[in-house]
Amino acid sequence: YILRRGQGSVVALAVLGGVLAAQGELAARPARCVAQLPLGESRLVLRLIDPGKGSGRVELPGRCRGEVLARWPRNSAPRAGEFVAVTARWLPRQQPLGFGGGLLVVRRIERRWGQPGMLAAARNWIAATTETLYGPKAPMVEALLVGWRGEIDQEVQQAFTAAGLVHSLAISGFHVGLLAGWVLLALHLLGMRRHPAEFVAAAVAVGYAAFLGWPAPAARAALLGVMLAWCRWRQRQVAPGALLALSAFLVLVLDPAALISVGAWLSVTALLGVTVATRWSDRAISEHPLVRSLVGS
């Protein structure tokens, strides 16, 4: 209703939200690790967010804010949640619009200590279980399940790139939607009513996105699921374009750096294309699921 009757108000709120998000990002930049890490080699204390398999996210507790990507020596494999004293080299990379990035290359691990918390223990369990079940293929499974790509062989990644399929090794909204769909189906089979089941499925999607570290495509899909469940509960006509726009806006408010993320743009534009195509085919051809699948593809 607001989008139909009050477009000016929506645009004004969007501009205000964008300005506030930009101010918050600019104020936070000097304290971020990507801005404070010294060039060249130095001794650092890191806390692992992801298991140290090839590469993964780390924090520098007490020194600076935010996460950086670290590449680990072969066969080192520290666990998520552990603290490690390392000798490492920071390789910064300037990104568009002034966003910082880079890679922390760990040369040597000198000491490890600390016990993983519940979330870190879950990540370690996933790493150990995929290794046990899939052996040499575990890196592919981890990329599809939790987005860890550090141990995938370079030749495999190049082959996926040459085939135009490298995006399938990254977490997308499809993964989130698939998980939410299975949860919804299981709850229906258990006899839960429709609206509570939809909210539970949406909550699981949000939890999965949080577990992954809020990558933009997963965050967009999770937020879209929450808003869709809300609209259906309130018996409001679902406006796909408006919900997609709002979810994309919230992603940018939460993480302004998503503006330069190819994955974020692909996530939104792909879903927009599917929505426009299927709405056209519903009117012009048929609402049959096979027709919708073909036209959406």
Would you calculate the volume per residue, in Å³, of the smallest convex hull containing every Cα atom of the chain? 172 Å³
Enter the accessible area per residue of region 243-297 (Å², integer; probe 1.4 Å; all protein chains in place). 63 Å²
Which percent of the accessible heavy-atom area of region 60-111 goes to carbon and sulfur, probe 1.4 angstrom? 47 percent
Phi-derived 3J(HN,Hα) across region 76-81 with the Karplus relation (6.51, -1.76, 1.60, θ = phi - 60°), rounded Hz, x for Gly and Pro, is 8, 6, x, 8, 4, x
Anyone know which of 147, 225, 66 comes out most mobile in the 10 Å Cα GNM of the chain? 66
Amide H of residue 65 versus every other amide H placed in the peptide plane: which residues, excluding those fewer than 5 positions away on the same chain, fall under 5 Å? 32, 33
Cα gyration tensor shape for region 184-266, rounded if a/c is under 1.5, else prolate or oblate: oblate
Calculate, for residue 231 and residue 108, the FRET efficiency according to 1/(1 + (r/R0)^6) with r their C-beta to C-beta distance and R0 51 Å; round to the nearest 0.05. 0.45
Of all DSSP beta bridges in the chain, antiparallel share, percent nearest 5: 85 percent
Using alpha carbons only, how many degrees (0 to 90, rounded to 10) separate the axis of helix 118-134 from the longest principal axis of the chain? 90 degrees
Expressed in angstrom and ordered largest first, the alpha-carbon extents of region 224-297 along the principal axes are 40, 32, 14
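Using DSSP to define loop residues, name the chymotrypsin sites (Phe, Trp or Tyr not before Pro) in region 178-209 whose beta-carbon has at most 15 other beta-carbon atoms within 10 Å.
none
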Taking only Cα atoms and a 10 Å spring cutoff, compute GNM fluctuations for the chain and point out the largest among 80, 242, 202. 242
Check: region 204-297 dipole with +1 on Lys, Arg Cβ and -1 on Asp, Glu Cβ, in debye: 260 debye
Degrees separating the helix 173-189 axis from the principal Cα axis of the chain, which is the longest one: 60 degrees
May I ask for the angle, rounded to the nearest 10°, between helix 262-284 and the longest principal axis of the chain, with both axes built from Cα atoms and the value confined to 0 to 90°? 20 degrees
Quick calc of log₁₀ I(q)/I(0), region 33-72, Debye, one scatterer on every Cα, no solvent, q values 0.29, 0.32, 0.33 1/Å, result -1.12, -1.25, -1.28
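Trypsin sites (Lys or Arg not before Pro), restricted to region 178-281: which are DSSP loop and have at most 13 other Cβ atoms within 10 Å?
Filter output for region 178-281: 193, 234, 236.
Looking at region 67-173 from every direction and averaging, what is the projected area of its Cα convex hull in nm²?
8.7 nm²
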Using 1/(1 + (r/R0)^6) with R0 = 51 angstrom and r between the beta carbons of residue 76 and residue 185, what's the FRET efficiency to the nearest 0.05? 0.80
Quick calc: nm separation of the 7 Å Cα→Cβ label points for residue 279 and residue 28 -> 3.2 nm
Using only the alpha-carbon atoms, what does region 161-219 span along each of its principal axes? Please give whole angstrom values in decreasing order. 46, 22, 13
Considering only protein heavy atoms, what per residue accessible area in square angstrom results for region 139-218 with a 1.4 angstrom probe? 54 Å²
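For region 175-236, what % of the accessible area comes from carbon and sulfur atoms, probe 1.4 Å?
Details: 2350 of 3370 Å².
After summing per-atom areas, the C and S share lands at 70 percent.
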Ranked highest first by average number of other Cβ atoms within 10 Å, how do 158-167, 132-141 line up? 132-141, 158-167
Once both label points are put 7 Å beyond Cα along the C-beta direction, the residue 167-residue 155 separation in nm becomes 2.8 nm
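The values are calculated or read from the model by the stated rules, or taken from the named source; none is laboratory data. Computed from a predicted structure; not experimentally measured. Glycine also receives a Cβ, built like all others from the backbone with ideal geometry; neighbour counts cover every protein chain displayed. We work out accessible area using only protein heavy atoms, side chains counted, and drop any ligands, DNA or RNA first. Shrake-Rupley method; radii C 1.70, N 1.55, O 1.52, S 1.80 Å.
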